[in-house]
Amino acid sequence: MSPQLARVVGGAAAPAPRFSPESAKAAGLRLVRPVRSRARKAPFVVVVLTILSIGLVGLIILSTVLQAQSFEAQRLNERAAELETQQQLLSREVDSLQSPANVARRAIAFGMVPNTNPAFLRLSDGKVLGKPEAAKPGNTNIRSVSP
Amino acid sequence: MNAGRTVSRRRLRVCLAMVVGVFGVFGVRLFQIQGLDASAYAAKAIEDGTAKNTIPAPRGAILDRNGAELATSVDGLTLTADPKMTAANAPQIARILREKLGKRIDYFDTIDKLRTPDSRFVYLVRDVPAWTAKKALKAIADADMTGVFSEKETLRAYPGGKLAANLLGYVNGAGKGVAGIEQEYDKTLTGTDGASTYEIDPNTGVRIPMADSTVTDMVPGRDVTTTIDRDLQWYADQRLADAVRASSSDWGLAITMDTKTCQIVQMSQAPTFNADDGTGMVDSNTVSRGVQNVYEPGSVMKTITMAALADQGKIASDTPIVVPSGMRIDNFQIGDYWKHGVLHLTAAGVIAKSSNLGTIVASQQMSDTVMYNYFRKFGFGQMSGVNLPGESDGILKNGKEWTKANHATIAFGQGVSVTAMQMVRAVGAIANAGKMCEPSVVSSTSDADGKETKIPAKPAKRVVSKDAAATVTRMMEAVTAPDGTAPAAAIKGYRVAGKTGTAWRVDPQTGRYIRGQNTVSFMGFAPADNPRFLTYIVLDKPYSNAGGGSTAAPVFHDIMSMALERFGVAPTGSKSPKVKQTW
């Protein structure tokens, strides 16, 4: 945008007037001494040092935190493994409690016997399908349960 | 003054020389380390600073048809010891281990191991479930004793213990399946181990955050879903074990198949083994008799002979047959199991009374080739397609080489050897209206995300006509009638078709029949007018006067009743047609 603008301005001012001391004086212009920079260095140094030290401290903190978290991660991993072992133990206990052998053993202990005469009640018309017969101890060959 | 300066200058030179010497040594060593041995040291540094981890892929589980776990993998530990460290406290450590691990270890053996001279490493006990092993390790640590260590591994667990053991099989020490489904589907069940490498602090072993690491993903093994119903399987296991004990048989088998799909819902064997605690692991228990054991089936085979005849239109259930009192074929005297004169039995009567002679008379209507071809069509002499390892294809002599005696005896199931699975498949065709399918024990596999891949069933092939199957079924119903050979197999309210078998046992050494030793069996399906399940019971070498009807049929009754009840198969309500047994 600006080069275009400059060209437009330049175009409007052409042709450029030639420089001469007379014309300068007439225009009220004179040479001046170059201004010496008085900007102070100290704040800059302080700012840079501050940034650097903040960075350094940040890095140290970050590294320390990461390291600490690494320890934590390891501890948690060990804990997870331990819990997994425990979970396996518990699910095995559940399995053995739910196993048909266990259910049957407890049922037999309650005096129950397996039904050897399947019969069904049809809900739509209340009809009994099959010939139901009371299950009696002795009409089945499962009297005890081996695991 | 001058002399002092000379001394100090000399001292200075000596010191300089020493300094130069020391630095020279450093320089040489530096050159050696950096220039000559650089790569070795760098490698050692990398090795100390990296940890490699194998992530073992868990083996897939084997599930029953409802998703109950039949075989699963758990964390296990192997306990090792450094005898240098344990020798002093050997008795105390052995006592703690014995207390916590129980029968897995022997107290005195362990003491010896803990005191092994001139050794720094011994295995104490392998394959202990992690929770048990950790308890033992903690107890040892609590007692302020050291020198017992552990190594991680994966352990195969069978929550049901003996349940379906011969079908499931087991794995060897390396975790590879060596029998049953564990072997057949080993590739599917085995996953791909993962691996990870990362940088650690060599002193603490703690992982350095944000440092380089590489990870190869672990792919767990796929689960295998079987067609087995766990509860029915358990019941059948118990019932069969009871029967084997009561009849003092060598071994027994019970197989139940869904006749519509040919899925095996239960496959029991007794005696069997327990791969979970490693008891009973001898060949005679671990062999899968259902597919690996060949035997002569005896009279159950008569159903196949009759089906072949009925398919050719050569027999119906009321076809009159004159049964002689005895026969002599090729110097081989054949009789029935009961003494009789000339009998006038119908074909149904021949099956109901299980007459060998009647079957021979009927089978004479077929040539050797025709009969042989029917037996081949029914799958004898060929593997059953059930996909289990070590399957036998039985022995069926080529029809072209049959003698007269072969034709006669094969008709009633002697002189032909089969596996139980072949027998189940063949009679399954009669139950399934003449169409035979291949039995299956696995329905699908699924990955860790639960994505299921079904194993497609092979299409059923027609073996005999629907009418022929119906005719034989009617004959088989007469077997469970009050005047048949196996009224004990009848289930009140249901129509049950069945056939008994009492076959002579062959001595494997001599190849001759052994007097007084039998293989008794019962094959049946229900409901007879719309079959859903087929159950086959085999008891080998029971007490001498045991028969298929008296010994195997009650087992059939109980297992079949349980199957019908569990799967909600109601009786059809129709009455068995009366078929004449004599004329």
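Cβ-Cβ distance below 8 Å, separation of 6 or more or different chains: which pairs start in the range B:551-564 with a residue that is more than 7 Å from every other protein chain (Cβ to nearest Cβ) and within 16 Å of B:G252 (Cβ to Cβ) and end on one that is among the basic types (K, R) and in a helix (DSSP H, G or I)?
B:V555/B:R239; B:I559/B:R239
Any chance the range B:375-384 includes a residue that's among the hydrophobic types (A, V, I, L, M, F, W, C) and in a helix (DSSP H, G or I)?
Yes, there is a match, as at least one residue in the range B:375-384 is among the hydrophobic types (A, V, I, L, M, F, W, C) and in a helix (DSSP H, G or I).
Out of B:K84, B:K113, B:K52, report the one residue that is part of a helix (DSSP H, G or I), touching a residue at least 40 places away in the same chain (Cβ under 8 Å), among the charged types (D, E, K, R) and more than 14 Å from chain A (Cβ to nearest Cβ).
When all the criteria are applied, what remains is B:K84.
Being more than 30 Å from the chain's Cα centre (by Cα) and among the charged types (D, E, K, R) is the filter here; which residues of the range B:480-535 pass it?
Within the range B:480-535, B:D483, B:K492, B:R495, B:R512, B:R515, B:D529 meet the criteria.
Give, as residue ranges, the strands (runs of 3 or more DSSP E) completely inside the range B:421-508 that count at least 3 residues that are among the small types (G, A, S).
Output list reads B:442-446, B:497-506.
In the set B:P527, B:P577, which member is surrounded by fewer than 24 Cβ atoms within 10 Å (Cβ to Cβ), within 29 Å of A:N115 (Cβ to Cβ), out of contact with any strand residue (DSSP E or B) (no Cβ under 6 Å at 6 or more places or on another chain) and away from chain A (no Cβ under 14 Å)?
None of the others qualify; the one that does is B:P577.
So is B:T116 out of contact with any His (no Cβ under 6 Å at 6 or more places or on another chain), surrounded by fewer than 18 Cβ atoms within 10 Å (Cβ to Cβ), closer than 22 Å to B:K134 by Cα and at pLDDT 85 or above or not?
no
I'd like to verify a number: residues in the range B:1-45 that are over 30 Å from B:P202 (Cβ atoms) and of a type in the set (A, V, I, L, M, F, W, C), how many?
Total meeting the criteria: 11.
Looking only at helices (runs of 4 or more DSSP H) that lie completely in the range B:139-243, which have at least 3 residues being surrounded by 15 or more Cβ atoms within 10 Å (Cβ to Cβ), in contact (Cβ under 8 Å) with a residue 40 or more places away in the chain and more than 10 Å from chain A (Cβ to nearest Cβ)?
Of the helices (runs of 4 or more DSSP H) lying wholly inside the range B:139-243, those with at least 3 residues that are surrounded by 15 or more Cβ atoms within 10 Å (Cβ to Cβ), in contact (Cβ under 8 Å) with a residue 40 or more places away in the chain and more than 10 Å from chain A (Cβ to nearest Cβ) span B:165-168, B:180-184.
Conditions tested, residue by residue: (1) closer than 23 Å to B:N518 by Cβ; (2) touching a Lys or Arg at 6+ places or on another chain (Cβ under 8 Å); (3) modelled with pLDDT of 95 or more.
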position	(1), (2), (3)
B:M421	yes, no, yes
B:V424	yes, no, yes
B:S465	no, no, yes
B:A469	no, no, yes
B:P487	yes, no, no
B:K492	no, yes, no
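If we keep just the residues of the range B:272-286 that are among the hydrophobic types (A, V, I, L, M, F, W, C) and closer than 15 Å to B:Y158 by Cα, which is farthest from the chain's Cα centre (by Cα)?
B:M281
For the range B:458-478, enumerate the residues that are buried (at least 24 other Cβ atoms within 10 Å of the Cβ) and more than 28 Å from B:G385 (Cβ to Cβ).
Across the range B:458-478, the qualifying residues are B:E477, B:A478.
Taking the criterion of being at pLDDT below 90, under 25 Å from the mean Cα position of the chain (by Cα) and closer than 30 Å to A:N102 by Cα, would at least one residue in the range B:129-137 satisfy it?
Yes, the range B:129-137 contains at least one residue that is at pLDDT below 90, under 25 Å from the mean Cα position of the chain (by Cα) and closer than 30 Å to A:N102 by Cα.
Please verify whether B:A457 is within 14 Å of chain A (Cβ to nearest Cβ), under 30 Å from the mean Cα position of the chain (by Cα) and of a type in the set (A, V, I, L, M), treating the condition exactly as stated.
Details: within 14 Å of chain A (Cβ to nearest Cβ): no; under 30 Å from the mean Cα position of the chain (by Cα): yes; of a type in the set (A, V, I, L, M): yes.
Here the answer is no, as B:A457 does not meet what is asked.
The values are calculated or read from the model by the stated rules, or taken from the named source; none is laboratory data. Keep in mind it's a predicted model, so treat the numbers as computed, not measured. A quick note on method: Cβ atoms are made from the backbone with ideal geometry, for glycine too, and the neighbour counts reach across all protein chains shown.
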